[in-house]
Amino acid sequence: MDQIIKISNALANDSRFKILQSISSNPKISCTEVIKALDITQPAVSHHLKILNDAGLIEINRKGQYGLCSLNNAVLEDYLKSIQKIFLKK
């Protein structure tokens, strides 16, 4: 239940939701590309990426000084199944 709440809180923020959408549409997007795509400052993007990463929704792989972000499909699928079980009793 703690993980469900952590993910729900991460997704409740408009900027984080948009960042996750960007990452899901581009499997290996760089942090710099996220900044450009959403017109958000670098410190804000770093903060939001940390929260998404801590919730397990994304993975960040370092390539030198750059980070490549990818969606953690398994965590997202488990989250969706858990929400469905809780609210739809399936």
Could you tell me whether any residue of region 76-86 is surrounded by 11 or more Cβ atoms within 10 Å (Cβ to Cβ), closer than 13 Å to Ile23 by Cβ and either out of contact with any strand residue (DSSP E or B) (no Cβ under 7 Å at 6 or more places or on another chain) or touching a residue at least 60 places away in the same chain (Cβ under 8 Å) (or both)? yes
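If a residue must be of a type in the set (D, E, K, R), under 16 Å from Leu71 (Cβ atoms) and exposed (fewer than 13 other Cβ atoms within 10 Å of the Cβ), how many such residues does region 19-49 contain?
Within region 19-49, the first condition is being of a type in the set (D, E, K, R), and the residues that meet it are 28, 33, 36, 39.
Checking the rest, the ones that are also under 16 Å from Leu71 (Cβ atoms) come to 28, 33.
Now restrict to residues that are exposed (fewer than 13 other Cβ atoms within 10 Å of the Cβ): 28.
The number of residues fulfilling the criteria is 1.
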Go through region 25-67 and report how many residues are touching a His at 6+ places or on another chain (Cβ under 9 Å) and at pLDDT 90 or above. 0
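Take region 9-48 and flag every residue that is of a type in the set (Gly, Ala, Ser) and touching a helix residue (DSSP H, G or I) at 6+ places or on another chain (Cβ under 8 Å). Steps first, answer last, please.
Taking region 9-48 and keeping what is of a type in the set (Gly, Ala, Ser), we get 10, 12, 15, 22, 24-25, 30, 37, 44, 46.
Those that are of a type in the set (Gly, Ala, Ser) and touching a helix residue (DSSP H, G or I) at 6+ places or on another chain (Cβ under 8 Å): Ala10, Ser15, Ser22, Ala37, Ala44, Ser46.
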Arg16 vs. criteria surrounded by 17 or more Cβ atoms within 10 Å (Cβ to Cβ) and charged (D, E, K, R): yes
Flag for Ser82 being assigned to a helix (DSSP H, G or I) and of a type in the set (Ser, Thr, Tyr): yes
If you go through region 52-60 one residue at a time, do you hit one that is in a helix (DSSP H, G or I) and either without any contact (Cβ under 8 Å) to a residue 24 or more places away in the chain or not acidic (Asp, Glu) (or both)? yes
Restricting to region 50-70, what's the tally of residues that are in contact with a helix residue (DSSP H, G or I) (Cβ under 6 Å, 6 or more places away or on another chain) and either of a type in the set (Val, Ile, Thr) or open to solvent by 40 Å² or more (accessible area, probe 1.4 Å) (or both)? 3
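The values are calculated or read from the model by the stated rules, or taken from the named source; none is laboratory data. This is a predicted model, so every value here is computed, not measured. Every residue, glycine among them, receives a Cβ derived from its backbone with ideal geometry; neighbour counts consider all protein chains shown. Side chains included, ligands, DNA and RNA excluded: accessible areas come from the protein's heavy atoms. Shrake-Rupley method; radii C 1.70, N 1.55, O 1.52, S 1.80 Å.
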